[in-house]
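The values are calculated or read from the model by the stated rules, or taken from the named source; none is laboratory data. Keep in mind the model is a prediction, meaning the values are calculated, not measured. Cβ coordinates were reconstructed from backbone atoms using ideal geometry, including for glycine residues, and neighbour counts include every protein chain displayed.
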Amino acid sequence: MTLLDTTGLVNDAYLRMAAGQRPGYGSSQEFLAYASRVMRSVVIDLVRERQAERRGGDMQRITLNTEVIGGAVAEEELLQVDQALESLAKLEPRLCQVVEMRYFGGFTEAEVGAALGLTDRTVRRDWEKARLILRTMLGE
């Protein structure tokens, strides 16, 4: 049984970034935003893989410890959040970036602000706005 913890998530994200085509990073802030997006894809891919296994896919069992993203979250909920984020990205790309960095990257408001060139207050407002939109999309 494989367990994805913080170290595992960072390792998998690094391997994907090293193996993939490297976009030009104009700054460390752009790198952090990209790394958050990669971490999101690692978590979502593992959830999808695990659900495929439940439907009779590969017999190897993988457990996902979602402590990495702030608490135990059901796999279905993660997939719903991912779909809602895809919709949010079409409406408000910056809000999606803020959510990726806060939720999947674990960054503070100050770190997100520095990475995106925003004030802490703007990040806080974007975070609240994104959470309200996502709650509406998720039917909460």
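For this structure, a couple of remarks:
- Tabulated pairs, region 26-51, first under 17 Å from Ala114 (Cα atoms), second modelled with pLDDT of 80 or more and among the acidic types (Asp, Glu), C-beta under 9 angstrom, 6+ apart or interchain: Leu32/Glu111; Ala33/Glu100; Ser36/Glu100; Arg37/Glu100
Conditions tested, residue by residue: (1) modelled with pLDDT under 85; (2) among the polar types (S, T, N, Q); (3) surrounded by 13 or more Cβ atoms within 10 Å (Cβ to Cβ).
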residue	(1), (2), (3)
Ala33	yes, no, yes
Glu53	yes, no, yes
Met59	yes, no, no
Glu109	no, no, yes
Ala115	no, no, yes
Asp120	no, no, yes
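- Taking residues in region 82-99 that are within 15 Å of Ser36 (Cβ to Cβ), and partners anywhere that are basic (Lys, Arg) and not in a loop (DSSP other than H, G, I, E, B), the pairs with Cβ atoms closer than 7 Å and at least 6 places apart or on different chains are Leu95/Lys129.
- Leading residue by the ranking (surrounded by the most Cβ atoms within 10 Å (Cβ to Cβ)) among those in region 73-107 that are of a type in the set (Val, Ile, Thr) and modelled with pLDDT under 90: Val81
- Scanning region 96-111 for residues that are touching a Lys or Arg at 6+ places or on another chain (Cβ under 6 Å) and of a type outside the set (Asp, Glu) yields a single hit, Phe104.
- For the residues Val81, Val112, Val98, the requirement of being closer than 18 Å to Gly139 by Cα, of a type outside the set (S, T, N, Q), in contact with a Phe, Trp or Tyr (Cβ under 9 Å, 6 or more places away or on another chain) and assigned to a helix (DSSP H, G or I) singles out Val81.
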